[in-house]
Amino acid sequence: MTDDPGAASRWESIPPALWAIAIGSLAPFPIAAAAYGWGSPDVARPALTVIIVWSACVLGFLGGVRWGLENGRPSPRPYRLVISVASPVAAAAILISRGRVPDGWVVGGLIAAFLLQWLFDHQGPDVPARYPRLSTAVTAAACVSLAVCLDQAMKTGHV
């Protein structure tokens, strides 16, 4: 037993149902990355589209979660609300840039957006202990999968 009343909440476990949902939402990342990295050309191009669009969706979701967590406070902090919108806006800008900039830059931008969102999640005060751990799982799955795509884009000259 500890004298710290917040210790239990910092070590709260992640319910299995929440892990199942998280893993299900992560499935498109490695599947699309494998299809782009090692699939035939007729499969690779749509797979790249899938991982780029899914990345934008997940970044929007992560920003929305942070927005919701902040709005649940008695006095939401305006600067935290503004920062929580940054990853969805960045994701939209990156998505819109596709076709205007090489695919390697699009994929690299998504990796950077995920990492910046992850850093924001881990320095944020007053969040449930499970959220940073879940965001680490999402970020790792996304970034490793996107790195496979970036490697393939560099090999094929789409950088």
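Where does helix 28-38 land angle-wise versus the long Cα axis of the chain, in degrees 0 to 90, nearest 10?
The helix 28-38 is inclined about 30 degrees to the chain.
Report the full-extension gain for the segment V85 to T49: residue separation times 0.36 nm, less the Cα-Cα distance, to one decimal in nm.
10.6 nm
Using a Förster distance of 41 Å, how high is the FRET efficiency between S40 and N71, based on the Cβ-Cβ distance and rounded to 0.05?
0.35
Just want the answer: with Cβ charges of +1 for Lys and Arg and -1 for Asp and Glu, which residue in A35, G157, S75 is farthest toward the dipole's positive end in the chain?
Highest projection toward the positive end goes to G157.
Most fluctuating residue of P41, P132, P74 in a GNM of the chain with Cα springs under 10 Å: which is it?
P74
Would you mind listing how long the chain runs along its three principal axes, going by Cα atoms, in whole Å with the largest first?
59, 33, 20
Run the helix sum for the chain: -39,500 (n - 2.57) per DSSP H stretch of 4+ residues, divided by residue count, reported at 222 nm to the nearest 500 deg cm²/dmol.
Here the helix-only value at 222 nm equals -26500 deg cm²/dmol.
Using only Cα atoms, find the angle between the long axis of helix 41-71 and the longest principal axis of the chain, and express it within 0 to 90 degrees, rounded to the nearest 10.
Once rounded, the angle reads 20 degrees.
In degrees between 0 and 90, to the nearest 10, how far off the longest principal axis of the chain does helix 78-97 point, with axes built from Cα atoms?
The answer is roughly 10 degrees.
Might you report the magnitude of the Cβ-based charge dipole of the chain about its Cα centre, with Lys and Arg at +1 and Asp and Glu at -1, to the nearest 20 debye?
320 debye
Each value in this text was obtained by applying a stated rule to the coordinates, not by laboratory testing. Keep in mind that what you see is a predicted model, and the values were worked out from it rather than measured. Here the Cβ is made from the backbone with ideal geometry for all residues, glycine too, and neighbour counts use every protein chain on show.
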